[in-house]
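S.K.: Sharing a structure with you now.
The values are calculated or read from the model by the stated rules, or taken from the named source; none is laboratory data. Keep in mind that this is a model prediction, so the values were computed, not measured. Positions of Cβ are backbone-derived with ideal geometry, glycine not excepted, and every protein chain shown enters the neighbour counts. Only protein heavy atoms, including side chains, enter the accessible area calculation; ligands, DNA and RNA are left aside. Shrake-Rupley method; radii C 1.70, N 1.55, O 1.52, S 1.80 Å.
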Amino acid sequence: MLEGAVPLVEPDDVDVPEVELPSTVRGSAAKVFKGRGKKAKDKGLNDPEFMGILSLMGQEMSLAVTETGNDLNMESIMRLTGMVNTIFNRVNLGMASWNNNRNIAKIEAALSRNRAETMAAMFDIEKRARLHGPGGKVTDDSAACGLLWLRRTFEFFVELVDASIENEDMPPRSLVPPAVTAYHRSIGSYHTFMTRTFFRTLLQALPGAKLYIPALMSPLKQSEADKIYRVRGSFGKQGKAADWYETRAAAKKFVAEARKTLRVWEDLTKRYDYEDSRKY
């Protein structure tokens, strides 16, 4: 085996915990995606129960954008949060999923009071209720605040995936360097010195390729489907890890799709003056 190659990893070797998803996205993967309807079929989407979670997220990112191209579907946002939480838990970032769930709770509380199918509709409700101050000062216990910090966490995740696939030949030996890079490119600019110190310590627990590839490529729910994706450490004709080719291709596609969706999300937030720049 060439130096830096990914060793054989059987499913039993990878400890992937069961993840408690937000109430909106609990249940089997098939149930999670029940009701995606004609839009999903028209795009030729595959059975979510057997897809790698990163590919699933890329598809859901494209479904999140409404027909108008300038709004986002709230159900898609909730489903995406459940999926990114699953990956965070697989790579020892449970604190990030815990924080996401706190933000989801704010959104679910708002949705329980007022039905809103899209993000703009949710923002409109809070604007009419005069919940927020001028200059992007959003009320902490609001959907706008929850959505703001969810977006920033997604931006961190997208930057992490992007920074981790820079090497064409092999995955990173450790996720720590790309995670630190991703943190500074995204959510780090909204944190105080104390919060940044805490997060940098948290990121030291991130794993290497042994957990990272299955975290991205295994299906949403682990079971017999676990056997679909394994890190084989096999090599293509040019002496490069075949599994890394698959992972990198899925990751690049996800990053491209996610950035388009996040751009719509950011534009919406700024349009309603909810881009709170205060540090926490």
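S.K.: Which one, Ser112, Met83, Met95, is farthest towards the positive end of the dipole of region 78-139 when Lys and Arg carry +1 and Asp and Glu -1 on their Cβ?
M.R.: Working it through, the farthest residue towards the positive pole turns out to be Ser112.
S.K.: Given charges of +1 on the Cβ of Lys and Arg and -1 on the Cβ of Asp and Glu, with all other atoms neutral, how large is the dipole of region 49-174 about its Cα centre, in debye to the nearest 20?
M.R.: Roughly 680 debye for region 49-174.
S.K.: Classify region 54-177 as rounded, prolate or oblate, taking a ≥ b ≥ c as the square roots of the eigenvalues of its Cα gyration tensor: rounded when a/c is under 1.5, otherwise prolate if a/b is larger than b/c and oblate if not.
M.R.: Here region 54-177 falls in the prolate category.
S.K.: So what does Phe198 come to for accessible area, using a 1.4 Å probe and Å² rounded to 10?
M.R.: Rounded to the nearest 10, that gives 100 Å².
S.K.: Okay, next question. Can you tell me the length gained on complete extension of the stretch Thr68 to Leu202, counting 0.36 nm per residue apart and subtracting the Cα distance?
M.R.: Residue separation times 0.36 nm, minus the Cα-Cα distance, leaves 44.3 nm.
S.K.: Name the residues whose placed amide hydrogens come within less than 5 Å of the amide hydrogen of Thr66, ignoring near sequence neighbours (fewer than 5 apart) on the same chain.
M.R.: The answer is Asp71, Leu72, Asn73.
S.K.: Further question on the same structure: Report ³J(HN,Hα) in whole Hz for each residue of region 154-163, in order, from the Karplus equation J = 6.51 cos²θ - 1.76 cosθ + 1.60 where θ = phi - 60°; Gly and Pro get x.
M.R.: 4, 4, 4, 5, 5, 5, 5, 4, 4, 5
S.K.: Go through region 73-83 residue by residue and turn each phi into a ³J(HN,Hα) via Karplus (6.51, -1.76, 1.60, θ = phi - 60°); whole Hz please, and just put x for glycine and proline.
M.R.: Couplings: 7, 5, 4, 5, 4, 5, 5, 4, 5, x, 6 Hz.
S.K.: Now for a separate question. Taking H as built 1.01 Å from N, whose amide H comes closer than 5 Å to the amide H of Thr118, not counting residues under 5 places away?
M.R.: Met74
S.K.: Let me ask something else. Whole-Hz Karplus ³J(HN,Hα) for region 98-115, in order, using 6.51 cos²θ - 1.76 cosθ + 1.60 and θ = phi - 60°, x for Gly and Pro?
M.R.: 4, 5, 4, 5, 5, 6, 4, 4, 5, 5, 5, 5, 5, 5, 5, 8, 9, 6
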